[in-house]
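Input: a single structure, listed below in structure tokens.
Taken together, the values in this text are just the output of simple stated rules run on the coordinates, not laboratory data. The structure displayed is predicted, hence computed values, not measured ones. Cβ placement follows ideal geometry from the backbone for every residue including glycine, while neighbour counts extend to all protein chains displayed.
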Amino acid sequence: MRNSILNKLILIICLVLILGSCSESAPKISHTFWQINLMHDQKTGKNSQALTIFVMASDEDGVDDMDKMYVINDEHQLYWEISGSNLRLEKYGENEVWMGSNFITMSTPGESIPSGTYRIMLLDSSGERAKSSVVISNNIKAVPEKWPTLTKMGNSLKVDGKADFVWGVQTDGTFGGEFQVDSGIANIGGKRFPLYYLYSYLSDKGYGLINGPF
């Protein structure tokens, strides 16, 4: 009887140790990038502002279950949940991912992104979270007189005007790929997307331009 009780006790201790060693690791944020962009809707001709926020996140348990990101401005009572097709993900190995969005916009068309402190929160499937914050300054003051345009040419795209990259986007908003513009041409290597956006960064002004969809 004593041996039976001792064996059961040893088994319980082993189970506790095993379960304890399998605890979930919390994700971590190592880098944060933000930028405010002036965006031109090619279809309507209207301009608006879009906030870009990306974080470099890591998790010892893997990053496949980190599929949701929150951006919060408490002062102006703003709140965005970025997930699904709205979330751009680029994995770096099994435990690190660059994640975020280029198209965080205000609910009212044409409304400016307010300056201030923005909180960023990531959640994994176990409920563990990582937090960060950035102080954003909106310095957009002028609208370009002329926006760049894009023409589809088989396996390449012709760009008229200044643009640094072409973004390929699926119809549901999922980011498909980024292609550099060289001498007015972006080689898309046989990849084709239903929608394209042009992006350029104005280094002298400190903000970017997004034009599309084409």
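If a/c stays under 1.5 just call it rounded; otherwise compare a/b with b/c (prolate if a/b is bigger, oblate if not). Do that for the range 149-212, with a ≥ b ≥ c from the square roots of the Cα gyration tensor eigenvalues. Verdict is oblate for the range 149-212.
Note on LYS146 and GLU81: the extension gain reaches 20.1 nm, defined as 0.36 nm multiplied by sequence separation minus the Cα-Cα distance. Calculated mean residue ellipticity, 222 nm, the chain: -3000 deg cm²/dmol, from DSSP H runs (n ≥ 4) at -39500 (n - 2.57) each, averaged per residue and rounded to 500. For the chain, a Gaussian network of Cα nodes joined below 10 Å ranks GLN170, GLN77, GLN35 by mean-square fluctuation, and the top entry is GLN77. Taking a ≥ b ≥ c as the square roots of the Cα gyration tensor eigenvalues, the range 84-196 comes out oblate, since a/c reaches at least 1.5 and a/b does not exceed b/c. Along its three principal directions, the equivalent ellipsoid of the range 72-125 from the Cα gyration tensor extends over semi-axes of 25, 13, 10 Å, largest first. Rounded to the nearest 10 degrees, the inclination of helix 2-21 to the longest alpha-carbon principal axis of the chain is 10 degrees. Computed from the Kirkwood radius of its Cα pairs, the Stokes-Einstein diffusion coefficient for the chain at 25 °C and 0.890 mPa s stands at 124 µm²/s.
When the Cα gyration tensor is reduced to axis lengths a ≥ b ≥ c, the ratio a/c is 1.5 or higher for the range 28-136, and with a/b above b/c it is classed as prolate. A Cβ-based charge dipole, computed about the Cα centre of the range 28-136 with Lys and Arg at +1 and Asp and Glu at -1, lands at about 560 debye. Summing charges over neighbours of SER200, with a neighbour being any other residue whose Cβ is under 15 Å away from its Cβ, gives -3 when K and R count +1 and D and E count -1.
Annotation: the residues MET66, MET121, MET153, MET39, sorted from fewest to most other C-beta atoms within 10 Å of their own C-beta, follow the order MET153, MET121, MET39, MET66.
Full extension of the chain between ILE185 and GLN170 gives 3.3 nm of extra length, using 0.36 nm per residue less the Cα-Cα distance. Under 14 Å of direct C-alpha separation, and excluding same-chain neighbours fewer than eight residues apart, LYS46 reaches these aspartates and glutamates: GLU111, GLU145.
Within the listed set GLY110, GLY189, GLY176, the Gaussian network model of the chain (springs between alpha-carbon atoms below 10 Å) gives the highest mean-square fluctuation for GLY189. Each Lys or Arg adds one and each Asp or Glu subtracts one; over the other residues with Cβ under 14 Å from the Cβ of GLN42, this totals +2. Highest mobility in the GNM of the chain, judged by mean-square fluctuation with C-alpha springs under 10 Å and restricted to PRO114, PRO27, PRO144, is found for PRO144. Among VAL143, VAL181, the order by Cβ neighbours within 10 angstrom, fewest to most, reads VAL143, VAL181.
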